[in-house]
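The values are calculated or read from the model by the stated rules, or taken from the named source; none is laboratory data. Everything numeric here is computed off the predicted structure, so don't read it as measured data. We place every Cβ from the backbone using ideal geometry, glycine too, and count neighbours over all the protein chains shown.
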């Protein structure tokens, strides 16, 4: 008989949390001379440890391990911390706070399977690419009710701190979890929620509650649903959330769970109809194709060949180590646990499949005319059946939509390109609305009607990134992070000032939040988004006029607005660059006006609003359709003070409401880091990690500490120095 496999639940977590005494001894016995030991920059390793051999003017000879000697300028050297600080749990306690020491400390801890480290207010988490037994119930118990300095660094310590703060100070809390794609944000978010679910769990006796699953189960069950529809494979991450989320977990007066709700930000819609060669669209499309839930494929008229559906087969169609069939069963069960009706569930699948079929509707140009006509109606017929509407009418509305000119309605002829664009916009619009409806439905389930006193919000949002091509979505993500960094800087200083006041020290107030103000104003107040709004209102505006307007308004007048670097061979040229706190990013504005208006064919929307598919009617309920006036003017998001709501105005509104919420809470910061691009455990790519420490504000925090915020030290230690 095979031996029973020991579960992680039984495994001792201490080797993954503490540095062993034996290792401590080894670390303490390393040779160290405070005058001679130094870090020198290195192309491959980031920094190397060396010993000063000789100094000549401002040139220093440094000996390295293995006998090599390098000569460099004195100001390139960085000081080395005494061995007692090796693998320090909190880097803000290091005697020498410099880039080399921060990288060294994180790297050495990671090599010894210690993935969490503090850096002052931050908890830094490095993706281990392996399952360590540090999230078990046994491990959670170690952190229950403990102070941060009594236990080793862990996401549970931050979570428990937030929970205790909420109960003692009666203030809402927030946990801000940021990082690049693949750094482990969503995994850490899941662990945080599971921790709160166990801490705040209440004893169930009610029979009805048993059938529906406890609130803890339901909070956890929203994951398979939102991941199926909102996660996809990207170049760097096989299961990447393509939307931001803020999950509020509500507690009653005694600290028991009292409900939850989820707010989502900016689902990446473009992915619904186009993918790069190494990427894949949203998991749900491939899950439905797996056929693992009986009857779904037949109901959706799907073949066995994913390549029949162009919308979702332009990149990869499978993901290694991911079983789409198994995932589909989990998502399907999650719908049941969350209390979706059979009808709702089937309508969700029908709408999802219709988006796949729509990509296969064919059109041809009629002779020399500017008018397209349908080329077969097989796919269109399937789309109409799934949407519950008439096929002939659907084709007519796509080919010759009615548009409002003055007070009259006229039909407008469309060429093949226009019809194709219109279908693409509908696919994105339908999927986006379906996703928002799923979130709304999850929130209804998670509302327990119990008395809510305080909440802990968990923000899981894409970190600052710089790609070779940065478009509209990237500007939105980077801008969000600029705001979050300003928020952090502000908090850090307010806290430091309180200490100074308590100790009665006289000093000049420095507001480091101001460092980022110029960049934030450039994008928000008088800047890029406002000009984008204006240009979106002008029918004759083009990418060219938008680009010129930006340059004329800001170049030379606003410091963070810069000329872009010339493109590398084979790269598209950018239109402008912005100096963010984390580095200079070049942006390309191609297609921004169209993305911002996001127009839908109103005639087709009207047809959807009268369809047989109840869910389709519901997701378009707030769209004014034809009655609201022409397609170009609307983008289907209701009127807003004489104009129309655009993507950027909706995004600005959402971001401002998020910032208002965060400012009213006591925040806790978690920074997730991806150690290497190969997804290999125990490997650290120094440049990749340093780049992220710059982007996620850890080095910014350290820079501020070095501006003269003292390290606090107990007197005996100070005297010994």
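Do we have residue 308 as in contact with a helix residue (DSSP H, G or I) (Cβ under 8 Å, 6 or more places away or on another chain) and in contact (Cβ under 8 Å) with a residue 40 or more places away in the chain here? Lay out the reasoning, then the answer.
Values: in contact with a helix residue (DSSP H, G or I) (Cβ under 8 Å, 6 or more places away or on another chain): no; in contact (Cβ under 8 Å) with a residue 40 or more places away in the chain: yes.
It is false that residue 308 is in contact with a helix residue (DSSP H, G or I) (Cβ under 8 Å, 6 or more places away or on another chain) and in contact (Cβ under 8 Å) with a residue 40 or more places away in the chain.
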Discussion item. Whether any residue in the range 315-326 is assigned to a helix (DSSP H, G or I), at negative phi, modelled with pLDDT of 95 or more and surrounded by 16 or more Cβ atoms within 10 Å (Cβ to Cβ) is what I want to check.
Written reply: yes
Worksheet item: How many of the residues making up the range 277-305 are in contact with a helix residue (DSSP H, G or I) (Cβ under 6 Å, 6 or more places away or on another chain), free of Cβ contacts under 8 Å to residues at least 40 places away in the same chain, part of a helix (DSSP H, G or I) and surrounded by fewer than 24 Cβ atoms within 10 Å (Cβ to Cβ)?
Response: 1
Discussion item. Can you say whether residue 472 is without any contact (Cβ under 8 Å) to a residue 60 or more places away in the chain and more than 17 Å from residue 264 (Cα to Cα), as far as the supplied structure shows?
Written reply: no
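Please report, ordered by residue number, the strands (runs of 3 or more DSSP E) entirely within the range 1-108 with at least 1 residues that are touching a strand residue (DSSP E or B) at 6+ places or on another chain (Cβ under 6 Å), surrounded by 17 or more Cβ atoms within 10 Å (Cβ to Cβ) and at pLDDT 95 or above.
Values: elements: 37-42, 46-56, 59-64, 69-73.
The qualifying strands (runs of 3 or more DSSP E) are 37-42, 46-56, 59-64.
Give the residue, chosen from 337, 351, that is more than 26 Å from residue 234 (Cβ to Cβ) and within 27 Å of the chain's Cα centre (by Cα).
Working: 351 fails: more than 26 Å from residue 234 (Cβ to Cβ).
Among 337, 351, only 337 is more than 26 Å from residue 234 (Cβ to Cβ) and within 27 Å of the chain's Cα centre (by Cα).
Considering each of 97, 17 in turn, give the residue that is in contact (Cβ under 8 Å) with a residue 40 or more places away in the chain, closer than 29 Å to residue 136 by Cβ and under 33 Å from the mean Cα position of the chain (by Cα). Full working, then the answer.
On the way: 97 fails: closer than 29 Å to residue 136 by Cβ.
The unique qualifying residue is 17.
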Worksheet item: Given the structure, is residue 202 at pLDDT below 90, part of a loop (DSSP other than H, G, I, E, B) and under 17 Å from the mean Cα position of the chain (by Cα)?
Response: no
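Look through 637, 671, 712 and report the one residue that is farther than 30 Å from residue 342 by Cβ, surrounded by fewer than 16 Cβ atoms within 10 Å (Cβ to Cβ) and either at pLDDT below 95 or in contact with a strand residue (DSSP E or B) (Cβ under 6 Å, 6 or more places away or on another chain) (or both).
Details: 637 fails: surrounded by fewer than 16 Cβ atoms within 10 Å (Cβ to Cβ); 671 fails: surrounded by fewer than 16 Cβ atoms within 10 Å (Cβ to Cβ).
712 is the lone residue from the list that is farther than 30 Å from residue 342 by Cβ, surrounded by fewer than 16 Cβ atoms within 10 Å (Cβ to Cβ) and either at pLDDT below 95 or in contact with a strand residue (DSSP E or B) (Cβ under 6 Å, 6 or more places away or on another chain) (or both).
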Item to complete: State all residues of the range 516-531 that are within 25 Å of residue 700 (Cα to Cα), at pLDDT below 85 and either out of contact with any helix residue (DSSP H, G or I) (no Cβ under 7 Å at 6 or more places or on another chain) or part of a loop (DSSP other than H, G, I, E, B) (or both); if no residue qualifies, say none.
Response: 525
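Given the structure, is residue 262 farther than 26 Å from residue 384 by Cβ and in contact (Cβ under 8 Å) with a residue 60 or more places away in the chain?
On the way: farther than 26 Å from residue 384 by Cβ: yes; in contact (Cβ under 8 Å) with a residue 60 or more places away in the chain: yes.
Yes, satisfied.
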Worksheet item: Are any residues in the range 239-258 surrounded by 20 or more Cβ atoms within 10 Å (Cβ to Cβ), touching a helix residue (DSSP H, G or I) at 6+ places or on another chain (Cβ under 6 Å) and more than 29 Å from residue 475 (Cα to Cα), and if so, which ones?
Response: 249, 257
Discussion item. Quick check on my filter: what residues within the range 644-666 are in contact with a strand residue (DSSP E or B) (Cβ under 7 Å, 6 or more places away or on another chain) and in a loop (DSSP other than H, G, I, E, B)?
Written reply: 665
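Among the residues that make up the range 486-494, is at least one of them more than 24 Å from the chain's Cα centre (by Cα) and either part of a helix (DSSP H, G or I) or modelled with pLDDT of 70 or more (or both)?
yes
Among residues belonging to the range 117-144 that are assigned to a strand (DSSP E or B) and in contact (Cβ under 8 Å) with a residue 60 or more places away in the chain, point out the one that is farthest from residue 23 (Cα to Cα). Steps first, answer last, please.
Just the residues of the range 117-144 that are assigned to a strand (DSSP E or B), to begin with: 117-119, 122-126.
Pick out the ones that are also in contact (Cβ under 8 Å) with a residue 60 or more places away in the chain and you get 119, 122-126.
Working: 119: 22, 122: 25, 123: 23, 124: 22, 125: 22, 126: 21 Å.
Among them, the one singled out is 122.
Give the range 166-194 a look and list any residue that's part of a helix (DSSP H, G or I) and under 21 Å from residue 261 (Cβ atoms), or say none.
166, 167, 185, 186, 188, 189, 190, 191, 192, 193, 194
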Worksheet item: Any residue in the range 205-228 that is more than 17 Å from the chain's Cα centre (by Cα), modelled with pLDDT of 85 or more and either surrounded by fewer than 20 Cβ atoms within 10 Å (Cβ to Cβ) or assigned to a loop (DSSP other than H, G, I, E, B) (or both)?
Response: no
Worksheet item: Pairs under 6 Å by beta carbon, first residue more than 26 Å from residue 687 (Cβ to Cβ) in the range 27-42, partner assigned to a helix (DSSP H, G or I), six or more apart or different chains?
Response: 28/83; 32/83
Worksheet item: Of the numbered conditions (1) closer than 17 Å to residue 527 by Cα; (2) in contact with a helix residue (DSSP H, G or I) (Cβ under 7 Å, 6 or more places away or on another chain); (3) free of Cβ contacts under 8 Å to residues at least 24 places away in the same chain, residue 552 satisfies every one except a single condition; which is it?
Response: (2)
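Can you pull out the residues in the range 43-78 that are without any contact (Cβ under 8 Å) to a residue 12 or more places away in the chain and in contact with a helix residue (DSSP H, G or I) (Cβ under 8 Å, 6 or more places away or on another chain)?
Initially, the range 43-78 is screened for residues without any contact (Cβ under 8 Å) to a residue 12 or more places away in the chain, giving 43, 54, 56-57, 61, 66-68.
Listed by number, the list is empty, since nothing qualifies.
Of the residues 270, 232, only one is under 30 Å from residue 656 (Cβ atoms) and in contact with a strand residue (DSSP E or B) (Cβ under 6 Å, 6 or more places away or on another chain); which? Walk me through it before giving the result.
On the way: 270 fails: in contact with a strand residue (DSSP E or B) (Cβ under 6 Å, 6 or more places away or on another chain).
One residue alone meets the criteria, 232.
May I ask you to say which residue of 461, 466 is under 19 Å from residue 698 (Cα atoms) and surrounded by 18 or more Cβ atoms within 10 Å (Cβ to Cβ)?
Details: 466 fails: surrounded by 18 or more Cβ atoms within 10 Å (Cβ to Cβ).
None of the others qualify; the one that does is 461.
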